[in-house]
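Derivation of every value follows stated rules applied to the coordinates shown; laboratory data play no part. These numbers were taken from a predicted model, which means no experiment stands behind them. Backbone-built Cβ (ideal geometry, glycine too); neighbour counts: all protein chains shown.
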Amino acid sequence: MDTQQEDRTLTIIMILSIIGLIDSIYLSYLHHLVAGGGGCPTQNLPGLDCGVVLASDQAKLFGIPVAWLGVLGFIGLFSLSLDRYLNMDSERTYYNTILLPITGIIGTIFGVYLTYAEAFIINQWCPFCLIAFGLTLVVTFFALKTYGSEIGLQLKNSNSAKTDSDQENVTNVYNISDSIINRSKIGNVEEEEE
């Protein structure tokens, strides 16, 4: 993998993650503002009332505001990319190349559901939520473009290791059964000699 290309990708992911983090923190603030009876800055725009979206049942997951999950997700993306950027030559950060796309994919799946909920359940759009989703899509695109082959390679290696492990297990079973059979023959030979 080209180091300069990876540097550019990680820089882009870090910048987008900071913007997403700011957006998610603002959404968290709006969520608490709306929960306290306040309004949203887009409440007078037709179809773009983020207050309705943030007050909906879909704005929480197990009682946790979804905006907080966005904050955690963008912190995770930033931390993984910064760690990889600073320690690119370290073997430890190899797993960041796998975790970055996976984190992005999880965020994208969640964002797809929330965008679906805005369109078909709530019937209102939250522009700040859409910004967070758009940033997640772009970060995921760059992470997959740069590290997607690493995930494929890891899956391929784990499947070949599993196949090798399965073959070793079969061989071990045969060796154990041969040992048991040989021991039983030895025991029978000793009994016949007496």
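Annotations
- Ranked ASP49, ASP83, criterion: other C-beta atoms within 10 Å, fewest first: ASP83, ASP49
- Selection from ILE18, ILE106, ASN87, by position along the positive dipole direction of the stretch 12-169 (Cβ): ILE18
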